[in-house]
Amino acid sequence: MTPAERTAAVYDKCITELNKAVYYIDNKNIPSAHKSIMKVQNIVDYLDSHLVVKYEISNNFADLYSFLRKSLIKANIKKDTEKIQELIPYFQNLKDAFSEMSKRGM
């Protein structure tokens, strides 16, 4: 896998875990919902910690990851399926962008 393909796969994992969290909340399985949301939060933390700050785009990603982290925390505290579903398109757009980069050989 190329780095772009791996990154797209990581974002896809986030989407999967967020969808699982919604399912778990809807089915009153709060511990599993918490676990799924925490997996996504850990991924965001990992990606944020590996940004190369010498690139300007890294600041944009840092801001996005900060927003996602705060939103995930709020959604997890309240077990708010609507908030979780609002976050999925962010991860989908990132996944699509990195998939496209991979197709272009970047």
task: For Met101 and Asn27, compute 0.36 nm times the residue count separating them, minus their Cα-Cα distance, and round to one decimal in nm.
output: 22.9 nm
field: Candidate lysines for bridging to Lys74, where Cα separation is under 21 Å - those fewer than 8 sequence places away on the same chain excluded
entry: Lys13, Lys20, Lys28, Lys35, Lys39, Lys83
message: Give me a comma-separated list of calculated 3J(HN,Hα) values for region 44-49, in order, Karplus coefficients 6.51, -1.76, 1.60 applied at θ = phi - 60°, integers in Hz, x for any Gly or Pro.
response: 4, 4, 4, 4, 4, 6
- prompt: ³J(HN,Hα) across region 98-105 via Karplus (A = 6.51, B = -1.76, C = 1.60, θ = phi - 60°), whole Hz, x for Gly/Pro?
  reply: 6, 5, 5, 4, 5, 4, 8, x
message: Of the listed values [x] 14.1, 45; [y] 37.5, 124; [z] 29.5, 101, identify the label whose number matches Rg and Dmax of the Cα atoms in Å calculated from this model.
response: [x]
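Coordinate-derived values only; no laboratory data. This one's a predicted model, so the numbers in the text were calculated from it and none came from an experiment.
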